[in-house]
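Here's the structure we're looking at; comments come further down.
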Amino acid sequence: MSTTTTQTTSKNELVKWINETFKLTITQLETLGTGCTFCQIFEYLYPNSIQGNKIIWKANKENDYIKNFKTLADAFTKNNIQKQLDIQQLSKAKYQDILDLAQFLKQKFDKQTEKRENYDPIEFRKVEERKVFTPTNRKTVSTLKDKTNNENTTTSTHSLLVKRPLSKTSSWKTTKPTFTKTPELSSITEIINNAEDDEATKVKKIKSLFI
């Protein structure tokens, strides 16, 4: 990246502009090396040019800084901004590169004829942070998971008790006990002693007593 700045705005003027416009309390331009503030400045200049959930607001390592500057570079390309960004140098908070980009965006800001009314930079950061870091989202997912588990349990039980076909060896019907009729001994004796009947007739009569 060229070290030639686009204008002569001083470091202190840039720090003051960023703090007043975006309600921040930075003291060094190198703080902008995380990339998230540059993304917010660009989104201010070009509304809806960067999706807030792509900004890593709590960036604390170089990989996160690089991702933020890649997001910024993509926004530059989509809005036909003819400026090359050295992502590696910016993510390492190289002073001259940070200064150059800050002066470039400040120039764009000064040329903007209409400022965004009712723009709340603090609320913008809070809203976008909630989209990524809110713990309630995890609770909602957990609740839905528990609900799904309960439904699965209910379905499984229902399947076992109702939907499972009955096997040939099992039955849900209650079978009434069968009671065998017991004839009196005197009746049997009377049939046996009857001399008029043959053996076959006697057997038939005795069987009839048990029905």
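The values are calculated or read from the model by the stated rules, or taken from the named source; none is laboratory data. All of these numbers come straight from a predicted model, not from anything done at the bench. Virtual Cβ from ideal backbone geometry, glycine too; neighbours counted across all protein chains shown. Note: accessible area is taken over every heavy atom of the protein model, side chains too, but ligands, DNA and RNA are not part of it. Shrake-Rupley method; radii C 1.70, N 1.55, O 1.52, S 1.80 Å.
Only residues that are among the acidic types (Asp, Glu) and touching a residue at least 40 places away in the same chain (Cβ under 8 Å) were counted in region 97-119, giving 2. Note on region 93-118: residues that are surrounded by 15 or more Cβ atoms within 10 Å (Cβ to Cβ) and in a loop (DSSP other than H, G, I, E, B) total 2. Without any contact (Cβ under 8 Å) to a residue 40 or more places away in the chain and either open to solvent by 20 Å² or more (accessible area, probe 1.4 Å) or within 16 Å of residue 29 (Cα to Cα) (or both): does that describe residue 58? Answer is no for this residue.
Mind telling me which of the residues 53, 68, 48 ends up being under 25 Å from residue 126 (Cβ atoms), out of contact with any helix residue (DSSP H, G or I) (no Cβ under 9 Å at 6 or more places or on another chain) and not charged (D, E, K, R)?
Answer to the selection: 48.
A single member of 41, 66 is within 25 Å of residue 80 (Cβ to Cβ) and either small (Gly, Ala, Ser) or open to solvent by 20 Å² or more (accessible area, probe 1.4 Å) (or both), and it is 66.
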